[in-house]
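The values are calculated or read from the model by the stated rules, or taken from the named source; none is laboratory data. Remember, it's a predicted structure, so these values are computed and weren't measured experimentally. Positions of Cβ are backbone-derived with ideal geometry, glycine not excepted, and every protein chain shown enters the neighbour counts.
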Amino acid sequence: MSNQLPWNIAVLGPGGIGGLLAALFARAGHRVVCLAGEETAAALRSGGISVRSGQFGDFTASVDADTRLRTPVDLCVVAVKATALPQALDRVPAEVLGEGLLLPLLNGVEHMAVLRSRYSPGQVVAGTIKVESTRTAPGVIEQGSPFAEVELASDTAPAARVAALAEVIAKAGPGVAVGDERTALWTKMAFLAPMALATTRYRAPVGVVRTEHRADLLALLAEAAAVAAAAGAAVDADRVRAVYDSFPETTKSSMLRDAEAGRPLELDAIGGALLRGAQRGGVEVPTAARLVSELRALDASGE
């Protein structure tokens with residue numbers, strides 16, 4: 001990993017999140033290669049990434065693109081869905097990555113163990129991102145939120161490398177904080193899981209869920225907060241509830257959008273991981289268990 005700027009940065013999965021970051025990094029002067037399927041890679045090579053954003057403005061950034069990492073980089077952002085992670089990592093051979101950092105921005109908590117088993121633990125930095133960003137076509141990104149905030153944490157990567165990464169991200173535009181890995185991942189899980197499970201189970205946006213299915217939503221939040229606490233993370237459930245209540249009525253979780261589009265659901269990475277965390281922590285989660293079971297049945301039936 002180079003201490004000099006610009007960095008060489010790979011982005012695995014140039015979708016809503018990865019595409020936005022790739023464009024911001026490229027605009028900041030870094031050398032960016034996006035890793036994706038041949039059709040997407042060809043589109044990015046020819047047209048770059050076009051971003052529409054109230055926060056960062058509308059712009060188009062030129063990036064390189066390939067189906068596989070072929071030279072070492074300073075940083076590889078992993079921004080694929082959890083359901084696609086095992087296959088997607090084949091695009092980033094450990095021997096090619098070299099000493100570069102890996103920054104996963106996935107839902108759930110269990111992907112960290114997968115990455116540390118495949119790459120050097122000292123390379124892996126946990127990350128979470130708060131942003132609403134959608135890929136509307138290959139190389140076309142629309143950021144719907146007026147914010148993009150990244151939190152970094154790592155139990156295994158040297159603090160100096162994490163700090164250098166934070167500086168690179170901050171100079172590209174997003175807000176950045178460095179915290180505790182367990183707290184960062186489980187705080188996000190406690191926020192994400194109730195919204196994802198409830199909106200997808202009832203096939204409804206947040207406005208409907210927080211009124212017609214509020215009891216389930218709040219029970220899920222209480223259970224997720226208890227699991228997070230058992231894992232060592234303190235979650236302010238009242239604050240999360242206030243955030244839910246502040247969302248526009250039409251807000252949908254990414255899991256609900258996947259369900260509506262017929263894409264594979266991150267049910268195991270979110271709901272399954274929550275249940276496994278509850279079992280490890282000795283926490284009763286009856287509402288989460290019921291909704292996960294119902295979602296698995298719906299998913300199996302194709303509804």
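Quick look at the values:
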read-out: Qualifying residue in segment 221-238 (condition: closer than 24 Å to G144 by Cβ, out of contact with any Asp or Glu (no Cβ under 9 Å at 6 or more places or on another chain) and at pLDDT 95 or above); value: yes
read-out: Meets criteria (assigned to a strand (DSSP E or B), farther than 14 Å from A79 by Cα and touching a Leu at 6+ places or on another chain (Cβ under 9 Å)) for V11; value: no
read-out: Hits in segment 208-241 - residues which are of a type in the set (G, A, S) and over 17 Å from W186 (Cβ atoms); value: A215, A219
read-out: Condition met for P138 (surrounded by 19 or more Cβ atoms within 10 Å (Cβ to Cβ) and farther than 25 Å from A273 by Cβ); value: yes
read-out: Filter result (free of Cβ contacts under 8 Å to residues at least 60 places away in the same chain, of a type in the set (K, R) and either outside any helix (DSSP H, G or I) or more than 16 Å from N107 (Cα to Cα) (or both)) within segment 176-204; value: R203
read-out: Test: residue in segment 159-170 that is buried (at least 22 other Cβ atoms within 10 Å of the Cβ) and touching a helix residue (DSSP H, G or I) at 6+ places or on another chain (Cβ under 7 Å); value: no
read-out: Set L102, L85: member being within 12 Å of the chain's Cα centre (by Cα) and not in a loop (DSSP other than H, G, I, E, B); value: L85
read-out: Residues of segment 117-128 classified as closer than 17 Å to D180 by Cβ and surrounded by fewer than 21 Cβ atoms within 10 Å (Cβ to Cβ), total; value: 1
read-out: Total residues in segment 142-166, condition closer than 18 Å to G18 by Cα and either aromatic (F, W, Y) or in a helix (DSSP H, G or I) (or both); value: 3
